[in-house]
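First the structure, in the form of structure tokens, and then the observations on it.
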Amino acid sequence: MNKICPAKPEDTKEIAALYRTFLYGPADWNEYYPNEETIEFDLSRNALFVMKNDEGEIIAAISIDEDPDVDALPCWNSELAPAAEFSRLCVRKDMQNQGIAKEMIRYLFDIFRKEGKKGVHILVKTGHKAALASYSALGFKKVGECRLFDKDFICMETALV
């Protein structure tokens, strides 16, 4: 049975290896992002979670993000504040299309509710059709578009009910 838990420093290399399997894909990750420094930063904030299978292998990862540039975008619904943000969601390629990404997101939703958040917002790389479809299935709505970090994104958000 798969289990979601906070990532630990000893998971860093395995998470980095998982991230590297998605370089230059639709999320437009590259050799500079995300990297071990990104993982260490997430670990320092207790903001990185992994799903492990029965063998203890990491099959998915997700991070709680806090980015003032993203939070300052004018497209977010003020009625959903305070809001949370997540990023760097990935599921090992041989484990995709099994509902794991949705399970990871719902896990964070529970954390966000306990923290008193009213909404969740994310940036999705323009053209990342699989992510857009997955987030839409979870109730996320497109609320705008932006250009940050020299990339174009779709801004999506949902209320936490």
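What follows draws every value from the coordinates through simple rules; no lab data is involved. What you see is a predicted model; the values in this text were computed from it and never measured. Quick reminder, even Gly has a Cβ in these numbers, built from the backbone with ideal geometry, and neighbours come from all protein chains shown.
Numbers below:
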read-out: Length gained when the stretch GLN98-ASN77 is fully extended (0.36 nm per residue, less Cα-Cα span); value: 4.4 nm
read-out: GluC sites (Glu not before Pro), loop per DSSP, at most 15 other Cβ atoms within 10 Å - longest free stretch of the chain; value: 67-114
read-out: Taking ILE4, ILE64 and counting other C-beta atoms within 10 Å, the order from fewest to most; value: ILE4, ILE64
read-out: Paramagnetic label zone (point 7 Å from Cα along Cα-to-C-beta, GLU37; backbone N under 18 Å) in region 1-27; value: 12-13, 16-17, 19-20
read-out: Using alpha-carbon coordinates, inclination of helix 100-114 to the longest axis of the chain, degrees; value: 60
read-out: Normalised contact order of the chain, rounded percent, pairs of Cα under 8 Å and 6 or more residues apart; value: 20
read-out: Compactness of the chain - radius of gyration and Dmax, Cα, Å; value: 14.9, 44
read-out: Region 15-116: trypsin sites (Lys or Arg not before Pro) in DSSP coil with no more than 16 other Cβ atoms inside 10 Å; value: ARG45
read-out: Residue-averaged 222 nm ellipticity for the chain, from DSSP H runs of 4+ at -39500 (n - 2.57), nearest 500; value: -8000 deg cm²/dmol
read-out: Cleavage-rule hits (chymotrypsin sites (Phe, Trp or Tyr not before Pro)) in region 26-59: DSSP loop, at most 14 neighbouring Cβ within 10 angstrom; value: TYR32
read-out: Filter on LYS93/LYS114; LYS3/LYS141; LYS13/LYS129; LYS52/LYS114; LYS8/LYS125; LYS8/LYS129 - keep pairs with C-alpha separation over 25 Å; value: LYS93/LYS114; LYS3/LYS141; LYS13/LYS129; LYS8/LYS125; LYS8/LYS129
read-out: Karplus 3J(HN,Hα) series, Hz, for region 34-45 with 6.51 cos²θ - 1.76 cosθ + 1.60 (x for Gly, Pro); value: x, 9, 5, 5, 4, 4, 4, 4, 4, 4, 5, 9
